[in-house]
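The block underneath contains the structure these notes are about, expressed in structure tokens.
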Amino acid sequence: MENREFRKQNSDMAGIEVSQTNYGAAKRFRLVLREQGNIREMGGEEMSIAVGITDSIFMNALDTGTSDIHLQPERDQLKIRYRQDGVLHDTGQLPTEQAQNVLARLKLAAGMRIDENREPQDGRIDMEYLGRRLSARVSCIPCLNGEKIVMRLLDPMAMKVDMTKLGMPPEVLHKWRRAVQMPYGLILVTGPTGSGKTSTLYASLHTLDSKQRNIVTVEDPIEYEYDKYIAQVQVTERMTFPKVMRTFLRQDPDVMLVGEMRDAESLGIGIQAGLTGHLVMSTLHTNNAVETIGRMVDMNAEPYLIAGVLVGILAQRLVRLNCPKCRQPYKPTEDEIDTLKFTAEELSTGRFGKGAGCQDCRGTGFKGRIGVFELVLGTPEFRAAIARGENFAELTAAARKQGYRTMLEDGRDKVMSGWTTPDEVIKAVFTQSVD
């Protein structure tokens with residue numbers, strides 16, 4: 001009776017596939033707890049409504065390629081939303097009486113205090129699904145109508161992405177491969193949150209020989225765990241980026257991956273490490289590759305030191321790919337033509353396309369994402385321009401001499417090839433498309 005009642009409630013209110021629940025002996029999904037190095041399954045009655053709903057939320061998210069799960073409290077319900085290909089979609093809702101038990105189970109699994117509802121908390125959930133080990137980064141914050149939980153799903157398989165699958169143009173890929181094989185210097189990947197910087201760095205790290213080189217990483221948080229040979233350190237209040245980086249320099253590193261250069265101290269240590277024979281790879285939040293130089297100067301880095309250490313700067317954004325099953329020919333609008341400056345010849349020869357929406361892409365017309373990139377290398381001319389303290393326009397001119405192409409130009413090529421739509425590129429690199 002209780003089982004039938006849950007199935008009805010779950011399908012009516014939560015909008016979650018009941019067929020995905022874990023009833024029966026063969027359990028496809030389970031939450032696991034790490035305690036003092038030991039891993040055990042998280043407890044809970046299998047027939048419990050809260051346990052069933054929690055498992056269904058995770059399984060549906062994993063089956064649909066979701067990157068983030070948002071549980072948003074409202075006055076009379078808990079809204080469930082999935083971020084898929086960078087866009088949030090409503091998935092269902094739960095009544096408040098069930099929501100409280102679901103949130104309590106999630107907080108317990110993430111190692112949070114379930115009796116604390118006035119302070120933000122962070123945690124990590126480990127799970128197994130169809131024999132795969134996965135995890136989720138969890139953030140909980142008190143809101144007007146309750147606690148909002150956001151979970152970033154972390155799949156170790158995503159870390160093993162091939163660099164050729166990122167979407168780099170052939171000439172950019174060739175130059176980038178050479179850059180990451182340099183014995184020392186500073187390599188930066190720039191872009192806003194959610195632009196795929198971490199994926200690019202992980203893919204680049206996989207091209208290095210971790211057996212012959214001592215590779216260390218400092219991250220906040222550690223999103224993916226490497227199997228062997230790479231030492232990963234989690235940033236905490238006591239273990240800050242600068243403190244860990246200084247310690248790393250006494251650990252005989254060959255390659256040091258720094259999750260983010262957040263302050264002048266971290267940048268200064270990174271530059272010094274690059275100058276003293278280490279390859280440093282990190283990220284910065286800037287709009288484009290050339291602008292990164294000005295950002296580093298603003299963070300009190302001396303131009304002559306930047307010029308001496310710079311190997312390359314890669315800027316990137318993510319755009320959604322047209323669904324291959326429902327893609328149709330598309331004619332750009334006048335505004336799109338004007339913004340992306342398509343010529344008459346490009347309009348006649350381009351293979352423009354747009355997804356109509358089908359069951360495979362959940363009616364969105366898009367399935368998957370790809371990067372648009374721009375790369376600046378530390379060539380002698382570009383380094384000389386940095387050392388002279390040239391402005392943005394002069395640095396851009398120096399970059400053009402090495403074959404530099406903007407993200408907007410790369411995006412235009414992907415639009416004309418039918419990979420994505422003009423609107424996606426305009427939204428992704430809007431600052432580049434406005435004169």
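The values are calculated or read from the model by the stated rules, or taken from the named source; none is laboratory data. The model shown is predicted, which means the values in this text are computed figures rather than measured ones. Here the Cβ is made from the backbone with ideal geometry for all residues, glycine too, and neighbour counts use every protein chain on show. Accessible surface areas use protein heavy atoms only, side chains included; no ligands, DNA or RNA. Shrake-Rupley method; radii C 1.70, N 1.55, O 1.52, S 1.80 Å.
The table below lists the values:
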{"read-out": "Unmet requirement for VAL311, which otherwise passes all of (1) in a strand (DSSP E or B); (2) of a type in the set (A, V, I, L, M, F, W, C); (3) in contact with an Asp or Glu (Cβ under 9 Å, 6 or more places away or on another chain)", "value": "(3)"}
{"read-out": "Test: residue in the range 143-153 that is at pLDDT below 90, open to solvent by 20 Å² or more (accessible area, probe 1.4 Å), farther than 27 Å from ALA428 by Cα and not hydrophobic (A, V, I, L, M, F, W, C)", "value": "yes"}
{"read-out": "Failed criterion for GLU336 (all others in (1) of a type in the set (Asp, Glu); (2) free of Cβ contacts under 8 Å to residues at least 24 places away in the same chain; (3) surrounded by 15 or more Cβ atoms within 10 Å (Cβ to Cβ) hold)", "value": "(2)"}
{"read-out": "Tally, over the range 305-321, of residues that are open to solvent by 10 Å² or more (accessible area, probe 1.4 Å) and either within 27 Å of the chain's Cα centre (by Cα) or not assigned by the TED database to the domain that holds LYS414 (or both)", "value": "5"}
{"read-out": "Odd one out for ARG124, checked against (1) closer than 30 Å to THR96 by Cβ; (2) surrounded by fewer than 16 Cβ atoms within 10 Å (Cβ to Cβ)", "value": "(2)"}
{"read-out": "Hits in the range 322-350 (condition: over 29 Å from the mean Cα position of the chain (by Cα) and part of a loop (DSSP other than H, G, I, E, B))", "value": "TYR330, LYS331, PRO332, THR333, LYS341, PHE342, THR343, GLY350"}
{"read-out": "Identity of the residue in the range 99-121, open to solvent by less than 30 Å² (accessible area, probe 1.4 Å) and aliphatic (A, V, I, L, M), that ends up nearest to ARG75 (Cα to Cα)", "value": "ALA99"}
{"read-out": "Residue count for the range 263-300, restricted to those that are of a type in the set (Gly, Ala, Ser), part of a helix (DSSP H, G or I) and open to solvent by less than 10 Å² (accessible area, probe 1.4 Å)", "value": "4"}
{"read-out": "Pair list, Cβ under 9 Å, 6 or more apart: the range 263-289 residue more than 14 Å from LEU188 (Cβ to Cβ), other residue surrounded by fewer than 21 Cβ atoms within 10 Å (Cβ to Cβ) and small (Gly, Ala, Ser)", "value": "ALA264/ALA301; GLY268/ALA301; LEU275/GLY308"}
{"read-out": "Any hit, the range 210-219, residues being in the same structural domain as THR292 (by the TED database), without any contact (Cβ under 8 Å) to a residue 24 or more places away in the chain, open to solvent by less than 50 Å² (accessible area, probe 1.4 Å) and more than 27 Å from GLU302 (Cβ to Cβ)", "value": "yes"}
{"read-out": "Residues being open to solvent by less than 20 Å² (accessible area, probe 1.4 Å) and under 17 Å from THR406 (Cβ atoms) - total across the range 371-389", "value": "7"}
{"read-out": "Qualifying positions in the range 411-421 - part of a helix (DSSP H, G or I) and surrounded by fewer than 23 Cβ atoms within 10 Å (Cβ to Cβ)", "value": "ARG412, ASP413, LYS414, MET416"}
{"read-out": "Condition check for LYS107: of a type in the set (Lys, Arg), at pLDDT 90 or above and within 24 Å of ASN322 (Cα to Cα)", "value": "no"}
{"read-out": "For THR66: the one exception among (1) at negative phi; (2) open to solvent by 20 Å² or more (accessible area, probe 1.4 Å)", "value": "(2)"}
{"read-out": "Residues of the range 361-370 classified as open to solvent by 20 Å² or more (accessible area, probe 1.4 Å) and assigned to a loop (DSSP other than H, G, I, E, B), total", "value": "3"}
{"read-out": "Subset of the range 391-407 that is open to solvent by less than 50 Å² (accessible area, probe 1.4 Å) and not in a helix (DSSP H, G or I) - its residue that is farthest from ASN300 (Cα to Cα)", "value": "GLY403"}
